[in-house]
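Every number here is computed from the coordinates shown, using simple stated rules; none is lab data. Source: prediction; values computed, not measured. Quick reminder, even Gly has a Cβ in these numbers, built from the backbone with ideal geometry, and neighbours come from all protein chains shown.
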Amino acid sequence: MIIELPQRFRIAGKTNKDYAKVIDGVLHIYGVISFRKVMYELTFALKGKRKCYYCGAKVKKKNITLDHIYPQDIGGPTIPDNLLPSCKECNCQKPI
Ligand SMILES: [Zn+2]
């Protein structure tokens, strides 16, 4: 699987320990961290965390959601290529 990566990316814990980091174009994951969390953070790093992709509304960081373009129910993967930042309203209004 090839996943688009930002040039600079890092997830660090409270003790400043690295959990994930992009080094020379390669994603390194250390220790125990949710793969889903890494994919979510990669998506925010690539696509932003403050604006709904669908309606363009500015969204507070705590209210942003990630929409699966191809729904998980039909096998859509949780990777940045299949995720878009969206407000809760737009994420809930997608037709089934
Ligand atoms: Zn929206």
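In a fully extended conformation the segment linking ILE69 and LYS47 would gain 6.5 nm over its present Cα-Cα distance, using 0.36 nm per residue.
Any of LYS21/LYS62; LYS17/LYS37; LYS21/LYS61; LYS17/LYS51 with alpha carbons more than 26 Å apart? Name them for me. Cα-Cα > 26 Å for LYS17/LYS51; rest within.
In the chain, a dipole from Cβ-located charges (positive for Lys and Arg, negative for Asp and Glu) runs towards its positive end, and of TYR40, GLY13, LEU84 it is GLY13 whose Cα lies farthest in that direction.
Rounded to the nearest Hz, the phi-derived 3J(HN,Hα) couplings of region 6-16 under the Karplus curve 6.51 cos²θ - 1.76 cosθ + 1.60 (θ = phi - 60°) are x, 5, 10, 7, 7, 10, 10, x, 4, 8, 6, where x marks glycine and proline.
In the chain, the calculated helix contribution to ellipticity at 222 nm averages -5500 deg cm²/dmol per residue, counting -39,500 (n - 2.57) for every DSSP H run with n ≥ 4.
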